[in-house]
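Reviewing the structure listed below.
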Amino acid sequence: MTGPTAPKDDGRDESRLERMDRNWAELLQELRVLQTGVQVLAGFLLTLPFQTRFQTLDDYQTRLYLANVILAALTTSTILLPVSVHRRLFRQGLKATLVASADTIAKFSLAGVGLLSVGTTSLIFDVTVGRTAGLVAGVGLLAVLVLLLIVVPARLQRQGREEESS
């Protein structure tokens with residue numbers, strides 16, 4: 001669990017501060033994974049204008065490209081935000097606040113990576129196969145990501161709570 005609260009008895013022999021330290025370390029690992037994904041996608045996007053074919057993009061493709069670049073920059077910023085918050089709150093006894101805020105920020109970052117993946121996939125399909133294929137690929141990936149990033153975790157959370165209560 002990454003937030004400031006944990007199950008009352010999760011079987012670990014750790015103090016509240018130790019739990020906060022563990023949660024912070026887990027959040028940092030998750031953000032490192034997200035950062036790698038954003039870096040790969042942003043790197044790909046940054047190389048596109050230097051390709052000869054880039055000049056043949058139509059207005060829709062150019063806008064989609066620019067929207068992806070903005071989304072990549074914003075997502076990168078959200079991934080960096082917990083570091084800034086940590087620097088600001090360091091040694092002030094606010095670890096619970098730090099962990100809770102980083103948890104929320106990580107969720108926004110995850111959404112940004114998902115949307116960036118959808119936008120980039122849509123752009124690639126649009127340029128290589130056509131507009132309809134781009135839209136289908138984008139909507140299809142969005143549906144898969146909603147299933148994997150929202151529905152599956154919610155279902156697992158519900159199942160876990162049902163198992164704990166029985």
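The values are calculated or read from the model by the stated rules, or taken from the named source; none is laboratory data. Computed from a prediction, not measured in an experiment: that's the story for all the values here. Don't worry about glycine lacking a Cβ; one is built from the backbone with ideal geometry, like all the others, and counts go over all protein chains shown. When the accessible area is computed, the model is the full protein with side chains, heavy atoms only, and any ligands, DNA or RNA have been set aside. Shrake-Rupley method; radii C 1.70, N 1.55, O 1.52, S 1.80 Å.
Enumerate the pairs (first residue in the stretch 95-116 and over 20 Å from ARG16 (Cα atoms); second residue anywhere and open to solvent by 20 Å² or more (accessible area, probe 1.4 Å) and among the small types (Gly, Ala, Ser)) with beta-carbon separation below 7 Å, excluding pairs fewer than 6 apart on the same chain, so at least 6 apart or on different chains.
From the stretch 95-116, the pairs are VAL113/GLY37.
For the stretch 65-87: of the residues being in contact (Cβ under 8 Å) with a residue 40 or more places away in the chain and β-branched (Val, Ile, Thr), which is nearest to ALA100 (Cα to Cα)?
Filtering first and then ranking leaves ILE79.
So GLU14 ticks every box in (1) assigned to a helix (DSSP H, G or I); (2) touching a Lys or Arg at 6+ places or on another chain (Cβ under 9 Å); (3) of a type outside the set (Lys, Arg); (4) at pLDDT 85 or above but one. Which box is left unticked?
The failed condition is (1).
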